[in-house]
Amino acid sequence: MGLDKVALSDGTPIDGPDGAATAYRYVALNKPRGLVTSTRDEQGRDTVYRCFDGGDLPWLAPVGRLDKASEGLLLFCNDPAWAAGVTDPATGPDKTYHVQINAIPDGALLRSLHAGVIEAGERLQAKAARLLRSGDKNAWLEIVLDEGRNRQIRRLLAAFDVSVLRLVRVAIGAIELGELPKGQWRELSAAEISALARPGAGRPW
């Protein structure tokens, strides 16, 4: 997949190197931990595009982000209008995460995550939070967000002196990570694409 991005804001397909219109493509990647969500990195770190090496794909831009320490479902496409709908903070789909923490949560913590806090002038809160499973010293939570803020889950938990050990995004709206192997990608189905499209977008699925 080439690295020269031609971003069109009106939803027109991005042209290929021969000038012909490139068909819209939509891809789900299981992002491994340690990769940066960018085309190039000034510090020379590996980026998510390493996972597409050898793939028969046109240029695809990431739809949203996952930070270097996070892993899981990351979408890519060459349809700017569709991407804008998915990432719209007001109308975009919920995002679901499985989060391993260094504590055993009680009901009060889960209620507090839902109620939220003000941190650095921003309101951080989970749409939903529940316990998945726990051990002797740590536990896994399922946290659902209905808006995207930088490092929101990590900052929200840190406000209650809880650290994140692992953070995996498992779903974006109706699109699930499922059994997709780490570092691998797959094409989205027409039903998945439509499920995340803005009403009336008129995309020719």
Next item on the list: DSSP loop (so not H, G, I, E, B), at most 12 other Cβ within 10 Å: list which trypsin sites (Lys or Arg not before Pro) in region 74-164 pass both filters.
Entry: Lys137
Notebook entry, point to check: So how strong a dipole does region 47-87 carry about its Cα centre when Lys and Arg Cβ are +1 and Asp and Glu Cβ are -1, to the nearest 20 debye?
Noted result: 140
Next item on the list: Mind checking the full-extension length gain between Val144 and Ser194? Use 0.36 nm per residue of separation minus the Cα-Cα distance, one decimal, nm.
Entry: 15.9 nm
Next item on the list: Please give the net charge around Thr91, taking every other residue with its beta carbon less than 15 angstrom from that of Thr91, where Lys and Arg add +1 and Asp and Glu add -1.
Entry: -1
Margin query: With the crude spin-label approximation of a point 7 Å out along Cα→Cβ, what separation in nm comes out for Lys68 versus Arg111?
Written below: 3.9
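Taking every pair of distinct Cα atoms and averaging 1/r, then inverting, what Kirkwood hydrodynamic radius in Å comes out for the chain?
Hydrodynamic radius (Kirkwood, Cα only) of the chain equals 18.1 Å.
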Note to self: So if I place +1 on the C-beta of Lys and Arg and -1 on the C-beta of Asp and Glu, and nothing else carries charge, what would the dipole magnitude of the chain be about its Cα centre? I want it in debye, nearest 20.
What the structure shows: 620
Notebook entry, point to check: Exactly which trypsin sites (Lys or Arg not before Pro) in region 23-94 are in a DSSP loop and have at most 13 other Cβ atoms within 10 Å?
Noted result: Arg40, Arg45
Next item on the list: Over 24 Å between C-alpha atoms is what I'm after, so list which of Lys95/Lys182; Lys31/Lys137; Lys31/Lys95; Lys127/Lys182 land there.
Entry: Lys31/Lys137; Lys127/Lys182
Checklist line | Among Leu131, Leu35, Leu60: highest mean-square fluctuation, GNM of the chain, C-alpha pairs under 10 Å | finding: Leu131
Check: What are the GluC sites (Glu not before Pro) within region 95-153 that DSSP puts in a loop, where the Cβ has at most 16 other Cβ atoms within 10 Å?
Finding: Glu147
Note to self: Nearest 5 percent is fine: what portion of the DSSP beta bridges confined to the chain is antiparallel?
What the structure shows: 95
Check: Among Pro89, Ala115, Ala69, which residue has its Cα positioned farthest towards the positive end of the charge dipole of the chain, with +1 placed on the Cβ of Lys and Arg, -1 on the Cβ of Asp and Glu, and the dipole taken about the Cα centre?
Finding: Ala115
Checklist line | Options Ala191, Pro32, Tyr49, ranked by Cα towards positive dipole end of the chain, top entry (Cβ charges) | finding: Pro32
Notebook entry, point to check: What net charge is computed for the residues neighbouring Arg169, neighbours being all others with C-beta under 12 Å from the C-beta of Arg169, Lys and Arg scored +1, Asp and Glu -1?
Noted result: 0
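We did not get these values from a lab; they are worked out from the coordinates using the rules stated. In this text, all values refer to a predicted model and were calculated from it rather than measured experimentally. Because the Cβ atoms are built from the backbone with ideal geometry, glycine has one as well, and the counts that use them run over all protein chains shown.
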